[in-house]
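Student: Structure in structure tokens, see below.
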Amino acid sequence: MDALLPNSDLIRADTLYGKYKNIRERTVRIYGTVTVQYYLLKGKAIESDKDVFSILCIEFEKDTVTDSEFVFDVASNARAAERIYDILCRNTVTPCCLFEVLDSLLCELF
């Protein structure tokens, strides 16, 4: 997974939160040569050792990463995490607005 991101988001996340298991992955073409990849990742919270689900969103122009965002612990329940992930993918949320969309979504769902 580290090879996907040249920036420090996932490396920093690995240092803070440990390793992740890729649960789901989807690539969506936005327009032309721009695509967004979504990852639903399962990891452990170090302080409690409980399962947590996180979202990684990467935007590409051809083969070049143009933006990325990682959000740790969007849910601790697999079913809720998959529901959130599906909504993000279906609505083609890009990395630049991932936090804002998740904030609104979590307020509505919970």
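The values are calculated or read from the model by the stated rules, or taken from the named source; none is laboratory data. Computed from a prediction, not measured in an experiment: that's the story for all the values here. All Cβ positions, even for glycine, are placed from backbone atoms using ideal geometry, and neighbour counts span all protein chains on display.
Student: Which of the residues spanning the stretch 63-79 are farther than 12 Å from Lys44 by Cα, surrounded by 15 or more Cβ atoms within 10 Å (Cβ to Cβ) and not β-branched (Val, Ile, Thr)?
Tutor: Asp67, Ser68, Glu69, Phe70 - these are the residues of the stretch 63-79 that are farther than 12 Å from Lys44 by Cα, surrounded by 15 or more Cβ atoms within 10 Å (Cβ to Cβ) and not β-branched (Val, Ile, Thr).
Student: For the stretch 46-69, check the following and say yes or no: at least one residue is modelled with pLDDT of 85 or more and aromatic (Phe, Trp, Tyr). Spell out how you get there, then give the answer.
Tutor: We begin by selecting, within the stretch 46-69, every residue modelled with pLDDT of 85 or more; these are 50-62, 64-69.
Checking the rest, the ones that are also aromatic (Phe, Trp, Tyr) come to 53, 60.
Yes: one or more hits.
Student: For the stretch 94-110, which positions are in contact (Cβ under 8 Å) with a residue 40 or more places away in the chain and assigned to a helix (DSSP H, G or I)? Reasoning before the result, please.
Tutor: Initially, the stretch 94-110 is screened for residues in contact (Cβ under 8 Å) with a residue 40 or more places away in the chain, giving 94-95, 98, 102.
Listed by number, the residues that qualify are Pro95, Leu98, Leu102.
Student: Tell me which residues, restricted to the stretch 33-64, are assigned to a loop (DSSP other than H, G, I, E, B) and in contact (Cβ under 8 Å) with a residue 12 or more places away in the chain. It would help to see each step written out before you state the result.
Tutor: Initially, the stretch 33-64 is screened for residues assigned to a loop (DSSP other than H, G, I, E, B), giving 33, 45-50, 62-63.
Result: Thr33, Ala45, Ile46, Lys50, Lys62.
Student: Looking at the structure I just gave you, is Ser76 under 10 Å from the mean Cα position of the chain (by Cα) and among the small types (Gly, Ala, Ser)? Steps first, please.
Tutor: Values: under 10 Å from the mean Cα position of the chain (by Cα): no; among the small types (Gly, Ala, Ser): yes.
Judged against the criteria, Ser76 is not a match.
Student: Suppose we keep only residues that are within 20 Å of Leu88 (Cα to Cα), surrounded by 14 or more Cβ atoms within 10 Å (Cβ to Cβ) and aromatic (Phe, Trp, Tyr) within the stretch 11-45. Which one would you say is modelled with the lowest pLDDT?
Tutor: Tyr20
Student: Is it fair to say Phe72 is within 24 Å of Lys21 (Cα to Cα) and touching a helix residue (DSSP H, G or I) at 6+ places or on another chain (Cβ under 7 Å)? Spell out the reasoning first.
Tutor: Numbers: within 24 Å of Lys21 (Cα to Cα): yes; touching a helix residue (DSSP H, G or I) at 6+ places or on another chain (Cβ under 7 Å): yes.
Against the criterion (within 24 Å of Lys21 (Cα to Cα) and touching a helix residue (DSSP H, G or I) at 6+ places or on another chain (Cβ under 7 Å)), Phe72 qualifies.
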